[in-house]
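In what follows, a structure is listed as structure tokens, so that the remarks can point back to it.
The values are calculated or read from the model by the stated rules, or taken from the named source; none is laboratory data. Only a predicted model underlies this, so the values are computations on that prediction, with no experimental measurement involved. Here the Cβ positions follow ideal geometry from the backbone for every residue, glycine too, while neighbour counts run over all protein chains shown. Each accessible area value is taken on the protein alone, full model and side chains, heavy atoms only, with ligands, DNA and RNA left out. Shrake-Rupley method; radii C 1.70, N 1.55, O 1.52, S 1.80 Å.
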Amino acid sequence: MLKRTRQYKPLKKLPVGKGRIVLVLLFFAVALSGWGYLSNGVETGTYNLAYPANFGNRINIPADNPTTKQGVYLGRMLFYEPKLSATNTVSCANCHKQEKAFTDGLPFSKGIDEVLTTRSSMSLANLLWARKFFWDGRATGLEVQAMVPLTNPHEMGQSLEISAKKLSKAPGYPALFKLVYGDKKITGDRIVKAISQFERTLISSNSRYDKYLNNTYKPTAEEMDGMLLFNSDPQPEIGIRGANCAHCHGGVKNYMELFHNNGLDSIPKDAGIAEFTGLATDEGRFKVPTLRNIALTAPYMHDGRFKTLDEVLDHYSEHIQESAGLSTFLRNESNEPGGTSLKLEYYEKKEIIAFLNMLTDSTFITDPAFADPRLRPAQHRKS
Amino acid sequence: MPIRVCDLLSIEKVNTTIPMKKQFIVAFIALISFTTPFITRAQTAEKQATIKVSGEVTTPLTIDAAYLQKFTPTTVVRKDRDGNDHTYTGVTVAEILKSAGVTLGPELKGENLTKYLAVEASDGYQVIFALAELDKAFTDRAIILATTVDGKSLAPGDGPYRIIVQDEKKPARCIKQVTAMSVHFIK
């Protein structure tokens with residue numbers, strides 16, 4: 001079910017007169033494909049973004065930054081490049097580690113100094129389908145998103161101009177930029193474009209849940225019950241139990257790009273999107289994050305307040321806090337008539353957690369194509 | 001904590017290699033990202049929600065309660081999730097779009113029939129309507145932008161503006177907390 005951008009048609013019987021033209025064309029094709037393996041073994045050409053058909057094609061690639069193999073390779077080098085920080089010690093990967101689905105396991109993260117980030121690091125998976133970035137969705141594209149950590153005084157703390165200068169002097173980079181952009185000029189714009197190309201390739205589509213949707217995995221009874229609860233509205237009047245998670249976290253990608261207040265606080269310390277909309281009903285509203293690889297991305301929520309999925313389930317089950325911004329999807333949703341929180345049974349929480357564990361994609365966190373290219377050879381995702 | 005001057009200065013230094021237009025975007029995003037923790041929450045309380053009308057329009061609009069006053073109110077009765085009838089009052093969506101210069105009425109023919117209205121809510125949820133679904137010459141089914149239910153303002157989680165689609169069985173397109181309406185051609 002993989003979507004391919006290139007199609008090879010088998011050569012069929014050709015009319016005699018056209019044979020020669022085909023031969024000439026073939027010659028050119030072979031000559032051109034030779035170019036595909038230019039300098040230091042970096043493959044070039046259009047990058048094949050392969051993903052399952054059920055993910056849909058509402059993907060987000062700006063017209064001025066098409067995804068190429070050489071661009072993705074450069075972006076991957078830059079993602080793991082500490083020279084992009086003022087202290088030469090911090091790269092994107094400090095706070096976005098592959099083995100943790102590109103989070104860092106901390107409530108708040110440390111950059112070049114002692115001042116921690118104000119929100120928790122986010123998982124980077126299936127960003128190809130995202131349109132708004134950060135916990136409050138304030139960045140409208142990966143390219144502008146990348147400029148923020150690069151230049152934030154406490155994260156990487158270096159102007160794009162200095163980054164460009166440093167890279168111009170670093171061995172290998174001028175040639176790579178030439179391979180990607182046609183000339184050796186290194187600019188901030190070219191840096192963030194390449195990083196974004198790499199981020200778009202971070203596709204996670206091989207969890208047990210994907211395999212279940214593909215009819216190649218049979219869930220356990222516990223996973224099945226958890227999935228049912230996850231997807232159902234509680235209706236105590238007619239005896240249907242549910243956890244209503246899919247309203248906000250549903251869909252095959254486990255991500256829907258919604259912004260909600262999920263009842264963490266009655267007076268939110270961090271106002272979320274209300275900081276720029278100024279509306280009382282937006283207080284404490286944050287991006288509904290992806291649940292893909294959720295078992296690997298603790299601690300949870302924008303401030304990393306919950307250490308385990310058990311704590312998350314306890315929150316939804318017993319501790320929803322009323323406020324002006326609280327989502328209507330969490331108001332009066334309960335398995336008890338008249339209840340204000342879900343009121344799940346102990347074993348139901350365990351079933352939901354079993355389902356959440358189905359969303360872990362071990363291929364994604366071990367794929368060498370996403371790892372530091374200095375540690376692993378130049379390699380592309382084979383699919 | 002005040003915004004420190006050095007934070008602002010570093011924004012200027014950052015962007016010397018990027019084209020002008022991008023500089024503003026970067027400066028804006030950087031500014032937001034540096035200052036968000038410092039903005040006091042007192043500012044957030046009183047602001048009123050509005051709806052942006054954009055896309056294939058001759059006059060882009062920003063609609064608020066006062067703007068809606070100039071239209072004749074329309075009423076639609078619809079069953080809610082609770083199974084009971086509720087009376088919604090508001091303005092026909094087509095009237096609002098006409099005031100923005102959208103091709104409805106006699107102009108809704110030919111390629112204009114390939115246009116749709118995308119409606120977005122404050123949580124990012126989106127639904128679409130073909131323009132023909134909204135036009136009286138095509139259908140008697142009313143689609144309104146409601147502001148009241150059973151004579152009262154909509155609940156904060158539903159309003160202040162909600163689309164109500166007469167007789168539609170599922171409530172999924174009765175989109176709540178509407179913040180934007182835009183008209184587009186299919187690609």
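Structure summary
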{"item": "Residue that is more than 12 Å from chain B (Cβ to nearest Cβ) and among the aromatic types (Phe, Trp, Tyr), where the choices are A:Phe286, A:Phe329, A:Phe306, A:Phe276", "result": "A:Phe306"}
{"item": "Any hit, the stretch A:253-265, residues being of a type outside the set (Asp, Glu), part of a helix (DSSP H, G or I) and open to solvent by 20 Å² or more (accessible area, probe 1.4 Å)", "result": "no"}
{"item": "Verdict on A:Tyr80 being out of contact with any His (no Cβ under 7 Å at 6 or more places or on another chain), in the same structural domain as A:Glu155 (by TED's automatic domain parsing) and at pLDDT 95 or above", "result": "yes"}
{"item": "Test: residue in the stretch A:194-208 that is on the phi < 0 side of the Ramachandran plot, acidic (Asp, Glu) and either at pLDDT 95 or above or under 16 Å from the mean Cα position of the chain (by Cα) (or both)", "result": "yes"}
{"item": "When residues of the stretch A:162-173 are limited to those that are crowded, with 16+ Cβ neighbours inside 10 Å and farther than 20 Å from A:Thr44 by Cβ, the one nearest to the other protein chains (Cβ to nearest Cβ)", "result": "A:Ala164"}
{"item": "Verdict on A:Leu176 being away from chain B (no Cβ under 11 Å), more than 24 Å from the chain's Cα centre (by Cα), within 18 Å of A:Thr89 (Cα to Cα) and buried (at least 20 other Cβ atoms within 10 Å of the Cβ)", "result": "no"}
{"item": "The lone exception for A:Ala354 - which of (1) open to solvent by less than 20 Å² (accessible area, probe 1.4 Å); (2) within 20 Å of A:Asn261 (Cβ to Cβ); (3) touching a residue at least 40 places away in the same chain (Cβ under 8 Å) it fails", "result": "(2)"}
{"item": "Any hit, the stretch B:120-137, residues being under 18 Å from B:Thr50 (Cβ atoms), charged (D, E, K, R), buried (at least 17 other Cβ atoms within 10 Å of the Cβ) and touching a strand residue (DSSP E or B) at 6+ places or on another chain (Cβ under 8 Å)", "result": "yes"}
{"item": "In the stretch A:85-114, the residues that are out of contact with any helix residue (DSSP H, G or I) (no Cβ under 7 Å at 6 or more places or on another chain) and under 25 Å from A:Glu283 (Cα atoms)", "result": "A:Leu106, A:Pro107, A:Phe108"}
{"item": "Condition broken by A:His380, with the remaining ones in (1) buried (at least 20 other Cβ atoms within 10 Å of the Cβ); (2) at pLDDT below 95 satisfied", "result": "(1)"}
{"item": "Residues that are hydroxyl-bearing (Ser, Thr, Tyr) and either touching a strand residue (DSSP E or B) at 6+ places or on another chain (Cβ under 8 Å) or surrounded by fewer than 18 Cβ atoms within 10 Å (Cβ to Cβ) (or both), drawn from the stretch A:284-326", "result": "A:Thr297, A:Tyr300, A:Thr308, A:Ser323"}
{"item": "In the stretch B:138-187, the residues that are buried (at least 20 other Cβ atoms within 10 Å of the Cβ) and on the phi > 0 side of the Ramachandran plot", "result": "B:Gln177"}
{"item": "Flag if A:Phe329 is assigned by TED's automatic domain parsing to the domain that holds A:Lys350, outside any loop (DSSP other than H, G, I, E, B) and open to solvent by less than 20 Å² (accessible area, probe 1.4 Å)", "result": "no"}
{"item": "Condition check for A:Phe79: touching a Cys at 6+ places or on another chain (Cβ under 7 Å) and either farther than 30 Å from A:Arg285 by Cα or open to solvent by less than 10 Å² (accessible area, probe 1.4 Å) (or both)", "result": "yes"}
{"item": "Residues located in the stretch A:231-257, provided they are within 20 Å of A:Pro52 (Cβ to Cβ) and among the hydrophobic types (A, V, I, L, M, F, W, C)", "result": "A:Ala246, A:Val252, A:Met256"}
{"item": "The one condition in (1) within 14 Å of chain B (Cβ to nearest Cβ); (2) outside any helix (DSSP H, G or I); (3) surrounded by fewer than 19 Cβ atoms within 10 Å (Cβ to Cβ); (4) touching a helix residue (DSSP H, G or I) at 6+ places or on another chain (Cβ under 6 Å) that A:Met156 fails to fulfil", "result": "(3)"}
{"item": "Which numbered condition B:Ile128 misses (of (1) within 14 Å of chain A (Cβ to nearest Cβ); (2) in a loop (DSSP other than H, G, I, E, B); (3) without any contact (Cβ under 8 Å) to a residue 24 or more places away in the chain; (4) touching a helix residue (DSSP H, G or I) at 6+ places or on another chain (Cβ under 9 Å))", "result": "(2)"}
{"item": "Condition check for A:Leu279: of a type outside the set (Val, Ile, Thr), within 19 Å of A:Gly250 (Cβ to Cβ) and open to solvent by less than 30 Å² (accessible area, probe 1.4 Å)", "result": "no"}
{"item": "Residues located in the stretch A:113-171, provided they are of a type in the set (Lys, Arg), more than 29 Å from A:Ala298 (Cβ to Cβ) and in contact (Cβ under 8 Å) with a residue 24 or more places away in the chain", "result": "A:Lys166"}
{"item": "Answer residue from the stretch B:50-67, given it is closer than 26 Å to B:Leu113 by Cα and not in a strand (DSSP E or B) and is least open to solvent (accessible area, probe 1.4 Å) among those", "result": "B:Val57"}
{"item": "Some residue of the stretch B:95-105 being in a loop (DSSP other than H, G, I, E, B), within 11 Å of chain A (Cβ to nearest Cβ), open to solvent by less than 30 Å² (accessible area, probe 1.4 Å) and modelled with pLDDT of 90 or more", "result": "no"}
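Results for (1) over 21 Å from A:Val312 (Cβ atoms); (2) touching a Pro at 6+ places or on another chain (Cβ under 6 Å); (3) touching a residue at least 12 places away in the same chain (Cβ under 8 Å), shown as yes or no for each residue.
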{"residue": "A:Phe198", "(1), (2), (3)": "yes, no, yes"}
{"residue": "A:Leu202", "(1), (2), (3)": "yes, no, yes"}
{"residue": "A:Asn206", "(1), (2), (3)": "yes, no, yes"}
{"residue": "A:Tyr209", "(1), (2), (3)": "no, no, yes"}
{"residue": "A:Lys218", "(1), (2), (3)": "yes, no, no"}
{"residue": "A:Ile238", "(1), (2), (3)": "yes, no, no"}
